[in-house]
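Asks: Quick one: this structure, given as structure tokens, is what I'll be asking you about.
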Amino acid sequence: MDSGAEVVFDRASRLASRILETPIALLSLVDAERQFFKSSIGLEEGLTGTPLSHSFCQYVVSQGAPLAVSDARAHPLLAGNGAVPDLRVVAYLGVPVRDGEGRVLGSLCAIDHQPRAWSEGDLADLTDLATIVETEIALRRVVVERQLLIQELNHRVKNLFSVVGGIVRMSRATGESASALSDRLQALSRAHALIAPAIHANQPAEAGTTLRALIGTLLAPWDSEGQVWRIQGGDLTVGARATTALTLAFHELATNAAKYGALSDDTPGARLSIDWVIGDEDLRLTWAECGVEAGGAPAAPAGFGTQLIGLTLQGQLGGTVETSHDDNALRHVITIPLSALAH
């Protein structure tokens, strides 16, 4: 609404006027209060729209179907419309113009000052022109979505480089092995594959993944048949930023479990259970390693791993981590605000 004239839409109106041989042709966009002439042929200069009291196009939009009127002066609904005396609208033919989701945005119409019996050919010609307009609208949307996609990719790549740079610096400062650093980067790569923006002409870029898919992807290397670990919890969508933070934290917990806990070959019969409850404001997740004896495994990843969990779950997501270890189980109870997980 209220955008400037554009050649491609003016061309559609000119063709409609020429093919149907009418003095007026309009591409009209309609909202709840008025109609706006995105393009027009044959109207007085400077007239860019009218209130709905002077609109036939509103009925094309509300009904989502073509409207053919031979003589509005004798029409029971339109005879009192202000467009009849003020704009000299007598004969009217309008067809819907839709967006990619099928919503009617407005009407492409042809208008005559004299009574006229519209033919099937007139309707077919105008419908073809409206389809051309719809194609142009769809192409413009694709261009906008591609630009948004590029911006999103740039944003994520910058964030990822920042995260990787921080991990490399901290890993080097703590003297960790190159293999440990490589494992973290591979975990990030797997998580990034889950949140890579999707390229669809009719849909926005994908914003994130689900908590279940994220944890399942990170734990997949340790078990393929669900005999060592299980996941329980309601479906919860996790945003791109939160996905990166959770990936780093859960990777550290999984690595610790693979070395000393439920995922280790040295603890036969042990089992990892991950379940969560989604509250009104927070997610409460319990990471429980059953069958792990106290004293046989550290309660949390050592050194850099502990720092990384603190930076991600607490520093970036504003969550808390409570760890307990009894004679037969190691538990991490993680609480994170839902608002932080959405981003």
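Asks: Kindly indicate whether any position in the range 96-105 is over 41 Å from the mean Cα position of the chain (by Cα), among the charged types (D, E, K, R) and modelled with pLDDT under 95.
Replies: Among the residues of the range 96-105, not one is over 41 Å from the mean Cα position of the chain (by Cα), among the charged types (D, E, K, R) and modelled with pLDDT under 95, which makes the answer no.
Asks: If you don't mind, another one. Can you name the residue in the range 251-283 that is open to solvent by 20 Å² or more (accessible area, probe 1.4 Å) and closer than 19 Å to Gly310 by Cα and, of all such residues, is modelled with the lowest pLDDT?
Replies: Residue satisfying both the conditions and the ranking: Thr255.
Asks: Taking the range 6-39 as the search range and keeping residues that are without any contact (Cβ under 8 Å) to a residue 24 or more places away in the chain, under 24 Å from Pro51 (Cβ atoms) and not in a strand (DSSP E or B), which one is farthest from the chain's Cα centre (by Cα)?
Replies: Going through the qualifying residues, I end up with Glu33.
Asks: Okay, next question. Which one of these is part of a helix (DSSP H, G or I) and either modelled with pLDDT of 80 or more or closer than 30 Å to Ala65 by Cβ (or both): Asp122, Asp183?
Replies: One residue alone meets the criteria, Asp122.
Asks: Continuing with the same structure: What tally of residues in the range 49-92 results from selecting those that are under 17 Å from Gln114 (Cβ atoms), small (Gly, Ala, Ser) and in contact with a helix residue (DSSP H, G or I) (Cβ under 9 Å, 6 or more places away or on another chain)?
Replies: 5
Asks: Out of Ala138, Ala130, report the one residue that is among the aliphatic types (A, V, I, L, M), open to solvent by 10 Å² or more (accessible area, probe 1.4 Å) and outside any strand (DSSP E or B).
Replies: Exactly one residue qualifies, and that residue is Ala138.
Asks: Do we have Asp112 as at negative phi, modelled with pLDDT of 95 or more and not hydrophobic (A, V, I, L, M, F, W, C) here?
Replies: When the stated conditions are applied, Asp112 passes them.
Asks: For the range 58-116, which positions are more than 21 Å from Thr131 (Cα to Cα) and in a helix (DSSP H, G or I)?
Replies: Answer for the range 58-116, where residues must be more than 21 Å from Thr131 (Cα to Cα) and in a helix (DSSP H, G or I): Ala72, Arg73, Ala74, Ala83, Val84, Pro85, Asp86.
Asks: Does Glu176 satisfy the condition of being modelled with pLDDT under 70, charged (D, E, K, R), loosely packed, with under 13 Cβ neighbours inside 10 Å and more than 30 Å from Glu101 (Cβ to Cβ)?
Replies: Criteria not met by Glu176.
Asks: Those residues that are surrounded by 16 or more Cβ atoms within 10 Å (Cβ to Cβ) and either aromatic (Phe, Trp, Tyr) or within 42 Å of the chain's Cα centre (by Cα) (or both), I need them from the range 69-83; list them, please.
Replies: If the condition is that a residue be surrounded by 16 or more Cβ atoms within 10 Å (Cβ to Cβ) and either aromatic (Phe, Trp, Tyr) or within 42 Å of the chain's Cα centre (by Cα) (or both), then Val69, Leu78, Asn81, Ala83 are the ones that fit.
The values are calculated or read from the model by the stated rules, or taken from the named source; none is laboratory data. Given the structure is predicted, the values throughout are model-derived calculations rather than measurements. A quick note on method: Cβ atoms are made from the backbone with ideal geometry, for glycine too, and the neighbour counts reach across all protein chains shown. Surface areas here come from the heavy atoms of the whole protein model, side chains and all, with no ligands, DNA or RNA. Shrake-Rupley method; radii C 1.70, N 1.55, O 1.52, S 1.80 Å.
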